[in-house]
Each structure stands twice: as structure tokens, then as C-alpha cells.
1. Which one of the conditions (1) assigned to a helix (DSSP H, G or I); (2) surrounded by 17 or more Cβ atoms within 10 Å (Cβ to Cβ) does Arg104 fail to meet, given that it meets all the rest?
2. Count, please, the residues in segment 10-48 that happen to be in a helix (DSSP H, G or I), among the β-branched types (Val, Ile, Thr) and under 23 Å from Gln330 (Cβ atoms).
3. Being out of contact with any strand residue (DSSP E or B) (no Cβ under 8 Å at 6 or more places or on another chain) and either buried (at least 18 other Cβ atoms within 10 Å of the Cβ) or in contact (Cβ under 8 Å) with a residue 24 or more places away in the chain (or both) is the requirement here; does Asp245 meet it?
4. Could you check, for segment 245-265, whether at least one of its residues is at pLDDT below 90, of a type outside the set (A, V, I, L, M) and farther than 23 Å from Leu27 by Cα?
5. Within segment 109-126, count every residue that is exposed (fewer than 14 other Cβ atoms within 10 Å of the Cβ) and in a loop (DSSP other than H, G, I, E, B).
6. Could you figure out which of (1) open to solvent by 10 Å² or more (accessible area, probe 1.4 Å); (2) within 15 Å of the ligand (Cβ to nearest atom); (3) more than 16 Å from the chain's Cα centre (by Cα); (4) not β-branched (Val, Ile, Thr) isn't true of Trp211?
Amino acid sequence: MAVSFDQWQYYIRTHVPEPAAGLAIALCLAAVDVGGRIADGERFGIRQGEEGLTESVLMELCRQLPLLEVRKLTHSEEVTEGADWEWWIQGQKKWFGFLVQAKRVSAPERGRRSYDLGYRPSSKGGERRPRQIDALHESSRILGIPAVYALYNEAGTGLRYSRPQYGRECVTPIGGDGITALGVNAARWILDHARARSAKVEMVAPYAFPWSCLTHCVTNAAHSSFPIPPNDLPEALGFEPDTPDSDPAYASCRFLLEIERAARLGQLDTAATNKELELWGYGPDIGRIAGAVRDAPPAYVSQDNEFEEIQPHDLEQAGIAPRYVISSPQPFSRARQSDRQ
Ligand SMILES: [Zn+2]
């Protein structure tokens, strides 16, 4: 369903509870902005690169989400970036963290566009460095948190960048797929099947979701791309039993769970119906996500306290730290802190 961003924003404000609504809108604004920037860049001959686009995404998120904390890590020469950013989102009782690697869609080559998922950074000092996707996967394994690609897509190409829904409809507005999310495990599977360094948009789209579905689709079952989950899912993931869908840590955790699961099931049988997807359950995917549900974020995550000593990142030692660490504390925690002062 194609709706304008204004219509969609109104719809979200009236159907999705805060703080999930604010986060969904911020993500969607960033997606519309990125799609337009890439298109304008091509039109004016000022091609927009991944790094600049990532900076503009983080800037947009900071404008929209006043509590967002961004910490840029300074790395020694030897460190390969294992991810563009690591994001910790606070819910009512728990935090949820995941890694994000940005990947921009290519300019058309013989009419086709692709994502360079098999990118390998140039070797340093004669040493061959790991493929970016392997560094991302390794970072995810060491930290025990999932990883996704944020795919940056050019607006106005007429291409479909995200999956056709299983009979359910996400009401993502026009331009909302300017950024789509793809699980790292799905990306590895696609690369293996493409038997090439890059993967065509058409191959990736069935496994990708508009990234604003992070808090929109799971909070809004009537217009969601995702099946209705079992009642005990919050507990199975490590949340309190009565955690509401609008809890941003739970919502983002569910999103990561759903994209991993949809990719796994899609690999089994691309013709699976929605009914079958609901029956096949969540078991195999929960273990890969639940480790990222924590009582507190890791010590290297800045937490709005100017006196705290920020710890070096756990991945510095492994030589694959992310470029940014960002955290989204919730207003209630800020209130608690000022009570204490
Ligand atoms: Zn959605």
C-alpha cells in the first residue's frame, strides 16, 4: 500500500504507542532521506558514499531522538571495522543490542543493481584482510549479539527493495524502503548462492525489510509483515512475561528475530504460506537472539554520565571494533537519574 509519509506518520502516531512510535518515525525519516540523497547524488554527479550516508543517518536519528547517545571510537591502525555501528536500545527492564553494517546499492551495471556484500577491505602491510561480512559475523559471534545490514537504496528507481509480504501488509510509506534491513546470516546464504562478490537487488529483496519495521511492524499486529507470535515469546527471549509490544528493546529484539526467522524459512521453502510460517515456530532462532537481551549494556556503552570512565571496546583486542557505539536510553531512566541528584 503506497501512502505518503505524512499520512503514515499520522497513522503511526494514532496506532503505535510511544516510545515505539517515535523510533519508527525517526527510522523512516532517515530512510526517506537516504533514498533521496542517493538519487540526487546520481542526478547531480555527486555520488553519495556509504560513510557520508551513515553520518547523515546518525545525524537524522540524533535530531529525532533527543536521548540518543553517539560515541565514535578511535581505532589503532590494525583495527578493521567489524561493523559501522553497534546499537543498544533500552526498554522498561532490559536492553537489547545489535550490530549494523551499512551497504549502499550500486549504480546500475547493464541495467542491474546489486549490493557488494562480499566486499574485502584492501590489504594492509601485505596482509590480506577478512571480507567485511566475515568480520561482521565474527563480531556478532564474539559479542553474542545479532548483526544486520542496513541497505541504502536509491529512491525512484521503481525497484522493489524489500520482501513481498506473506498476505500481511506493512504500511511502509513511499520512500520508506530507502533503508532496508537484512540479517547477516541471510546475507551469507545469498552470497553463497550468488557465487559472486555481489548480490543483485532481486536476490536480496525477498529477505529484506524496511528498517522502520524495527519498532513499527511488531507493535502493530494488524498492519504487520510478521505473524502473530506465541504468548510466551517475551519470556523465551529473556524479557519479563508482561512486556508490552511497544517496549522498544522487545520490539527491536522481535524484529531481529523475525528477519532471521523469515530468512531461514525462506531458504527452506520460498513458497511457504503464512499459516505454515506460524506453525513452524521460533525455537531455532531464539537462541541466536536471546543472548543480546541484557540487564545493562556493556561497560563500553556511554550512558549519559559525564563522570563515567568509558571502557575500551571488547572487540579492540580482536582487531574488529565497530566505528560507532550508539545507545537509546528511555526517558524514564533519565527521570530516575535526576531524582537521585
Ligand atoms: Zn512495518
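The values are calculated or read from the model by the stated rules, or taken from the named source; none is laboratory data. These figures come from a predicted structure and were not determined experimentally. No Cβ is skipped: glycine too gets one built from the backbone with ideal geometry, and neighbour counts run over all protein chains shown. The accessibility values were calculated without ligands, DNA or RNA, using every heavy atom of the protein model including side chains. Shrake-Rupley method; radii C 1.70, N 1.55, O 1.52, S 1.80 Å.
1. (1)
2. Step one: list which residues in segment 10-48 are in a helix (DSSP H, G or I), which gives 10-15, 20-44.
Retained after the next criterion (residues that are among the β-branched types (Val, Ile, Thr)): 12, 14, 25, 32, 34, 38.
Filter once more, so that each one left must be under 23 Å from Gln330 (Cβ atoms): 12, 14, 25.
Qualifying residue count, segment 10-48: 3.
3. yes
4. Within segment 245-265, one or more residues are at pLDDT below 90, of a type outside the set (A, V, I, L, M) and farther than 23 Å from Leu27 by Cα.
5. Quick first cut of segment 109-126, residues exposed (fewer than 14 other Cβ atoms within 10 Å of the Cβ) only: 109-112, 121-126.
Now narrow it down to the ones that are in a loop (DSSP other than H, G, I, E, B): 110-111, 121-123, 125-126.
Here the count works out to 7.
6. (3)
Residues are listed down the side, and each one gets a yes or a no for (1) open to solvent by 20 Å² or more (accessible area, probe 1.4 Å); (2) at pLDDT below 85; (3) within 26 Å of Glu50 (Cβ to Cβ); (4) away from the ligand (no atom under 16 Å from the Cβ):
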site: Leu182; (1), (2), (3), (4): no, no, yes, no
site: Arg188; (1), (2), (3), (4): yes, no, yes, yes
site: Leu191; (1), (2), (3), (4): no, no, yes, yes
site: Cys217; (1), (2), (3), (4): no, yes, yes, no
site: Phe226; (1), (2), (3), (4): no, yes, no, no
site: Leu233; (1), (2), (3), (4): no, no, no, yes
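Okay, residues lined up against (1) surrounded by 12 or more Cβ atoms within 10 Å (Cβ to Cβ); (2) over 15 Å from Ile142 (Cβ atoms); (3) at pLDDT 85 or above:
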| position | (1), (2), (3) |
| --- | --- |
| Val301 | yes, yes, yes |
| Phe307 | no, yes, no |
| Ile310 | yes, yes, no |
| Asp314 | yes, no, yes |
| Gln330 | yes, yes, no |
